[in-house]
């Protein structure tokens, strides 16, 4: 799982904006970007400002969040 901070949630569009550290499985450096979520109910678990751990992967041409939880 990668670490990040929730910057914005758009439940209508099923998207989340994360300021994240490196995502090793996607070979991506730290940055702020918008991800779609595979399951809209994931957005109910977090709010803007939360520190989170999440899993992101490629699905077709998009990068999607497949799991997210608040960091302990």
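Sorting the segments 5-18, 36-49 by their residues' average number of neighbouring beta-carbon atoms within 10 angstrom, most packed first, yields 5-18, 36-49.
Let a ≥ b ≥ c be the square roots of the eigenvalues of the Cα gyration tensor of the stretch 27-72; is it rounded (a/c under 1.5), or, if not, prolate (a/b larger than b/c) or oblate? Don't skip to the end; give the middle numbers.
Details: a/c = 1.99, a/b = 1.29, b/c = 1.54.
Because a/c hits 1.5 or more and a/b fails to exceed b/c, the stretch 27-72 counts as oblate.
For the chain, the relative contact order comes to 32 percent (Cα pairs under 8 Å, sequence separation of at least 6).
In this calculation the C-beta distance from residue 24 to residue 45 is compared with R0 = 22 Å, giving a FRET efficiency of 0.45. Going from the fewest other Cβ atoms within 10 Å to the most, the residues 35, 54 appear in the order 35, 54.
Throughout, read-outs are computed from the coordinates displayed, never taken from laboratory work. The shown structure was predicted, so the numbers you read here are calculated from the model rather than taken from an experiment. Here the Cβ is made from the backbone with ideal geometry for all residues, glycine too, and neighbour counts use every protein chain on show.
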